[in-house]
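Asks: Have a look at this one.
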Amino acid sequence: MTTPDLTDVHPAWLPPEAFRAIGSRRTLVLGDGPLVETVRAEVAQACARYDGTVAAPGDEADLVLALTTATPLPPAAQALLDEPADAASGAATGAASGTASGAASGAASGAVGGLGDEGYVLARLGGVTVVLADAPAGLLYGLFHVVRLGEQAFGADRPARAHRPAMRRRMLDHWDNIDVHPVMGQVERGYSGGSIFWRDGAAAGDLTRVRAYARLLAATGVNAISVNNVNVHATEAHLLTDRLGDVAAIADAVRPYGIRVHLSVNFASPIALGGLATADPLDEDVRAWWAATTERVYATIPDFGGYVVKADSEGQPGPFAYGRTHADGANLLAGVLAPYGGVVHWRAFVYNHRQDWRDRSTDRARAAFDHFAPLDGQFHDNAIVQVKHGPLDFQTREPVSPVIAAMPATRLAVELQVTQEYTGQQRHVCYLAPMWREVLGFRPWGQDGPDVAALATGGQAVSRSLADGGRPADGGGLADGGGLVAVSNVGDDRYWTGHPLAQANLYAFGRLAWVPGLDPTALLDEWIGLTFAAGPDREALGRTLHEMMDGSWRTYERYTAPLGVGFMVRPGHHYGPDVDGYEYTPWGTYHFADRDGVGVDRTRATGTGYTGQYPQPWSEVYESLDTCPDELLLFFHHVPYGHVLQSGSTVIQHIYDTHFAGAEQAAQTRLRWEKAEGLVDPALWARVKERLDEQVRSAEEWRDQVNAYFFRKSGVPDAHGRRIH
């Protein structure tokens, strides 16, 4: 086996230069199994390029990568294995760490030999760097840790540190279509070209790129993908049956890098594919059809991960048609998957998309909680309820979904969106790790309670009791967490993500899924160091990229949606400003701007009551104008334009100021990149420059349209006398 080589595709964060430190040394790999062979192949390719040596057992080595079961281990590895448990335990949980590559990770650190399926210990003893793992996947992840460290891995001695993933499941959902959809195209919400899996109505014939993608994902810690759109169209539905061989081929391509394949399925498949008259989840014939179908899936793909389901949402079929609950639907599939160790990811993105815009008592933000919270405790253990991180739809700024705290007896996966549907569609620089870190660090019960990362991990016990304020309890059981899932931003573009700098979002997602507490700035530095390993002046480039990207999410927020209002985008494709684009539609995404004020009243006192879905203290924090954070004010409250924010500015002046500032910051970002010419490959520099030109144009359009809209609504001039059209 050889590692994938694509000369016409950008190597992202695994360029050959990133392997120089390993490839120029003597490396010993000990152990058996397909993933160990992947490690050997990676080492052999690096050594062939940089004149290193693949050591044989008994030879001297600078780096040892070994399973703990391998015998005989070289002295340095054996010494590490013989250390007392407390000596090998390393650092505390990675969730509390603010560093990147140097952080230990996982729940509690432990002795060598208790590392689990994916953990490893890294140390440097007596001039030898050692990675030990109990299982082959751990050895693979340990290899990529050494790659991240580069020459640092071979410097001074370093104590043994255990590294384990915080999340058992670290998954990317692909919204790829086999057939090109007449509206959404080859990849729904895809901004990076066509699919890497499907082409011209069939599976891609050459899966070399798919395997290269799996390699990139493994280097970040991702271990699962779904390979088709959650909106399962007619052709894609057949992947479950007569086109299963296409899925098996993808599984074969990604398996050498520890990636398990999942499949999005149509809830009505027993009708569409099986010829039954019903898809009722309590019907015995329906269950028998799913059981037989699932048996064939596992006979073809023994390590198949499971199903992903979008049901009763935006036109997709579901259990509501039969008077059943989402627990009934999810448990049907969980039951047939359980004998094989599979799981069903059941998305909680369920709401009425045919609302009356004149009726202010309805509220799309309430929907997921209203549908799912009453079902807590009714889902099977291998049913994972997949919850978007916010209550609406991946907006630039949303509160954390209250569903995440409302279902302690259910396995929940938190869903993020790497593809930049509402954050510039990979035409704008928008580094999303700071947003995700805020989400993962949010504590629904206040500072004394667990954060979102802990709930997704399943590492802390909490008790759901809204009657007593929903405070975390010392006892009570939290089901094993569902992990972290995100919508991928990858396509067949030369740079994988369209905008080369959008690669950082994909990289950061995988690393945060492994260690949720990582510092986004340190992660960006890590990505820069790998991606531009061969650059002529990496220090200068690093400074430039940090200046461009560290605050780019907030820059985007400034020139687009103010104070958490959201959805002022053009309907359908969601790119560019259209302040009233969704205001009079059935989609339930309103801002209610009029001559007197703007925002959605979601309070218990006078509004939709949405604030009551949160436990204390946030229920009260969001309810009160005095305590609601400025950045979410218009999400929770309808206020006059003259309302004074906690910042001291009025709402209308904040809108003007931030939109002028955001557009100026976009222009400064472009100027910084122009000065970086010569520090990166000319083609990459040109692609980024092209995208920055568009970002500046778009930011000015946002500034002018939003400011003009609110000036005309309010009649209040800009205090600084700037031109408003």
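Asks: Sort largest first and round to whole Å: the equivalent ellipsoid semi-axes of segment 260-324, each the square root of five times a Cα gyration tensor eigenvalue.
Replies: Largest first, segment 260-324 gives 21, 15, 9 Å.
Asks: If you don't mind, another one. Got a sec? Charge dipole of the chain, +1 on Cβ for Lys and Arg, -1 for Asp and Glu; which of 642, 483, 556 is way out at the positive end?
Replies: Checking the options against the dipole of the chain, the answer is 642.
Asks: Taking K and R as +1 and D and E as -1, what net charge do the other residues with C-beta under 13 Å from the C-beta of residue 685 add up to?
Replies: Summing Lys and Arg as +1 and Asp and Glu as -1 gives +1.
Asks: Once R0 is set to 56 Å, what does the formula 1/(1 + (r/R0)^6) return for the Cβ-Cβ distance between residue 534 and residue 719, expressed as a FRET efficiency to the nearest 0.05?
Replies: Values: r = 50 Å, r/R0 = 0.89.
The formula returns an efficiency of 0.65 here.
Asks: If you place +1 on the Cβ of every Lys and Arg, -1 on the Cβ of every Asp and Glu, and leave all else neutral, what size is the dipole of the chain about its Cα centre, to the nearest 20 Debye?
Replies: Numbers: 61 positive and 86 negative charges, 122 e Å.
Roughly 580 debye for the chain.
Asks: Is segment 557-598 best put as rounded, prolate or oblate by its Cα gyration tensor, with a ≥ b ≥ c the root eigenvalues, rounded for a/c under 1.5, and otherwise prolate when a/b is larger than b/c, oblate when not? Intermediate values should be presented prior to the final figure.
Replies: Working: a/c = 1.96, a/b = 1.10, b/c = 1.78.
Oblate shape, in that a/c is at least 1.5 and b/c is the bigger or equal ratio.
Asks: What's the ranking of 539-552, 657-670, 47-60 by average number of surrounding C-beta atoms within 10 Å, highest first?
Replies: Details: 539-552: 17.9, 657-670: 20.3, 47-60: 14.2.
In decreasing order of mean packing, 539-552, 657-670, 47-60 become 657-670, 539-552, 47-60.
Asks: How would you rank 241-249, 351-359, highest first, on the average number of other Cβ atoms within 10 Å across their residues? Spell out each step's value before the answer.
Replies: On the way: 241-249: 15.9, 351-359: 13.8.
Result, highest mean first: 241-249, 351-359.
Asks: Moving on to the next point. If Lys and Arg each add +1 and Asp and Glu each add -1, what is the summed charge of the other residues whose beta carbon sits under 11 Å from the beta carbon of residue 593?
Replies: Working: positive: 595, 712, 713; negative: 580, 583, 594, 596.
Every neighbour counted, the sum reads -1.
Asks: With Cβ to Cβ distances under 11 Å as the rule, what net charge do the other residues near residue 305 carry (K, R +1; D, E -1)? It would help to have the intermediate numbers written out before the result.
Replies: On the way: positive: 169, 260; negative: 303.
Cβ neighbours under 11 Å give a net charge of +1.
Asks: Moving on. Where a Cα-Cα gap under 23 Å defines reach, which lysines qualify for residue 310, not counting those fewer than 8 residues away within the same chain?
Replies: Excluding near neighbours in sequence, the set is 388.
Asks: What percent of all Cα-Cα pairs in segment 199-257 falls into each 5 Å bin, going from 0 up to the bin containing the maximum distance?
Replies: Going out from 0 Å in 5 Å bins, segment 199-257 shows 4, 17, 27, 24, 17, 9, 2 percent.
Asks: Taking amide H positions as placed 1.01 Å from N in the peptide plane, with prolines and chain starts having none, which residues 5 or more places from residue 416, or on another chain, fall under 5 Å of its amide H?
Replies: 485, 486, 487
Asks: Right, here's the next one. Apply the a/c threshold of 1.5 to the C-alpha gyration tensor of segment 350-460 and tell me whether it is rounded, prolate or oblate.
Replies: Values: a/c = 1.76, a/b = 1.09, b/c = 1.61.
The shape class here is oblate.
Asks: To continue, here is another question. Identify the residues of segment 588-607 with backbone N under 20 Å of a label point that sits 7 angstrom from the Cα of residue 320 along the Cα-to-Cβ direction, or state none.
Replies: 588-590
Asks: Further question: Equivalent-ellipsoid semi-axes (√(5λ), Cα gyration tensor) for the chain, whole Å, largest first?
Replies: 40, 32, 26
Asks: Still on this structure, I have one more. May I ask for log10 I(q)/I(0) of segment 272-422 at q = 0.14 Å⁻¹, from a Debye sum over the Cα atoms as equal point scatterers with solvent left out?
Replies: Per q value, in the given order, log10 I(q)/I(0) is -0.74.
Asks: Here's something else I'd like to know. Please report, for the Cα atoms of segment 133-189, the Rg to one decimal and the Dmax as a whole number; what are they, in angstrom?
Replies: Calculated on Cα positions, Rg and Dmax stand at 19.3, 59 Å.
Asks: Which ³J(HN,Hα) values in Hz, rounded to whole numbers, follow from the phi angles of segment 16-24 under the Karplus curve 6.51 cos²θ - 1.76 cosθ + 1.60, where θ = phi - 60° and Gly and Pro get x?
Replies: With coefficients 6.51, -1.76 and 1.60, one gets x, 4, 5, 9, 4, 4, 6, x, 9 Hz.
Values quoted throughout were computed directly from the atomic coordinates according to the rules given, and no laboratory measurement underlies them. None of these values were measured; they are calculated from a predicted model. As a convention, Cβ positions derive from the backbone with ideal geometry for all residues, glycine included, and neighbour counts pool all protein chains shown.
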